[in-house]
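The values are calculated or read from the model by the stated rules, or taken from the named source; none is laboratory data. The structure presented is a predicted model; accordingly, all values stated were derived computationally and were not measured. Using ideal geometry, Cβ is built from the backbone for each residue, glycine included, and neighbour counts are taken over all protein chains shown. In case anyone asks, the SASA skips ligands and DNA or RNA and just uses the protein heavy atoms, side chains included. Shrake-Rupley method; radii C 1.70, N 1.55, O 1.52, S 1.80 Å.
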Amino acid sequence: MSLHCTVSRDGLIDSLNILQNIATKKSTTMAILANVLIESTDEGLILTGTDLEVGLRLHVPAEILGKGSLTLPSKKLFEIVRESGTNSISIEEKENNWVVITAGLSTYNLAGMASDEFPEFPEYEEDCFVTFDSPVFLELLDKVIYSIANEQENIYSLNAVLFEKEKRDQLSYLKMISSDGHRLSIMEKQVNEDIDALKLNPVTLIPKKGIMEWKKFCESRDRIEISFEKKQMVLKDDKAVMVIRLKSGEFPNYAAIIDSIRQENKLEIRRIPFLDSLKRINLFTEDNFHTIKINLDKNLMILSSQNAELGNAKDEQVVSYAGEPLVLGFNCRYFIETLQVMEGEKLEAYINSSNSPCLLKSENDVGFLSIIMPMQL
């Protein structure tokens, strides 16, 4: 029997939209990865997309007129459904993996590929899931996602987030850490769930693509179930399953980096005025390095930048600082991105010397800590 179904446009387009980032990348080795696998069951349709790093399976309610499976180009199918002006869409499989899609008065003939060429969805253990409220992970992810290294970075393990669990003073914590070699972000959050059931590796690294999709998965759900296995992590609820392949490798000893900064020479500053000042100064930084100079003296911070072609800028901020005068060089963009994810009116900065990293935290941002490496002026 061949695939034949009628499905709600809204339900289908929502699922296809979610799959776009996973299934639309062209692969030189496997062209079928640009397709979405469509399977019919007694309960409706199952749509699956994968790039071999992240796999996502979604359930879509539908009226099944004929059971079968095949794959269709994800992007083109999404465009057809998006532009259709009807409430329901019919998909009927014909010979040689062609389908006829009917949407109101419009009819489309679309070429697919056989489903047996599509990669098998990873198997996973059903008995080791822990259920969490989605906002727990959204808060963790938002605080570290901005400082993950890009794919072109030489250090392979920095293209990922380190995920850890910890029990301290009879309390349970989940922790995420990211770094691109120039900055370090750490966020931990206390949870009430049984974290002993999470079977983490000694080093559990979640790739950047997986982190991005994990965030999207949480944004549309109140609660999710999560489990970890040796080579993969699994997220699911009653309508979807996402499998993310874990990375292997080591991660920098972030605890040693924190310990290297003596939290004695403290600077206190209001976050929003500091952020606004950085944005103004960044207008005159060189595009590649965003270098700014910070002159720090008794209760006064002077920020300045210079561009060889455009000119220069200077901005002053009243701060609380009683240490020795310092002249510092930093990437302005790193400070801006850090302050944008922080919360609270005031923040604390700790700097040992003109050549040492800067540690940022806030009493109103419990669990978050950021370290930014200096630059030579």
Cα axis of helix 208-219 to longest principal axis of the chain: angle in degrees, 0 to 90, nearest 10?
80 degrees
Before rounding to the nearest 500, sum -39500 (n - 2.57) across all DSSP H runs of length at least 4 in the chain and divide by the residue total; then give [θ] at 222 nm in deg cm²/dmol.
-6000 deg cm²/dmol
Quick one: accessible surface of TYR108, probe radius 1.4 Å, all protein chains present, in square angstrom to the nearest 10.
70 Å²
Can you tell me the orientation of helix 332-341 relative to the chain, as the angle in degrees between its alpha-carbon axis and the longest Cα principal axis, to the nearest 10?
60 degrees
If I model a spin label at GLU219 and GLN232 as a point 7 Å from the Cα along the Cα→Cβ vector, what separation in nanometres do I get?
2.5 nm
Spin-label point model (7 Å from Cα, Cβ direction): what's the LYS239 to TYR124 distance in nm?
1.8 nm
Which FRET efficiency value, to the nearest 0.05, do you get for LYS346 and MET30 by plugging their Cβ-Cβ distance into 1/(1 + (r/R0)^6) with R0 = 30 Å?
0.05
If I compute solvent accessible area with a 1.4 Å probe over the protein chains, what percent of it on region 154-278 is carbon and sulfur?
46 percent
Using alpha carbons only: equivalent-ellipsoid semi-axes of region 188-242, gyration tensor based, whole Å:
18, 15, 12
Rounded Å value of the spacing that divides the Cα centres of region 62-125 and region 270-289:
49 Å
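So, for the chain, what is the accessible surface per residue at a probe of 1.4 Å, expressed in square angstrom?
Working: 18600 Å² over 377 residues.
Counting only protein heavy atoms, the per-residue value for the chain is 49 Å².
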Report the label-to-label distance for GLU117 and LYS266 in nanometres (one decimal), using points 7 Å from each Cα along the Cα→Cβ vector.
6.4 nm
Taking only Cα atoms and a 10 Å spring cutoff, compute GNM fluctuations for the chain and point out the largest among GLU316, GLU348, GLU83.
GLU83
Top to bottom by accessible area (1.4 Å), largest first, where do TRP214, TRP98 land?
TRP98, TRP214
Folded to 0 to 90 degrees: helix 134-144 orientation relative to the chain principal axis, Cα:
50 degrees
State the extension gain, in nm to one decimal, for the chain segment bounded by MET212 and ASN150, taking 0.36 nm per residue of separation less the distance between their alpha-carbons.
21.0 nm
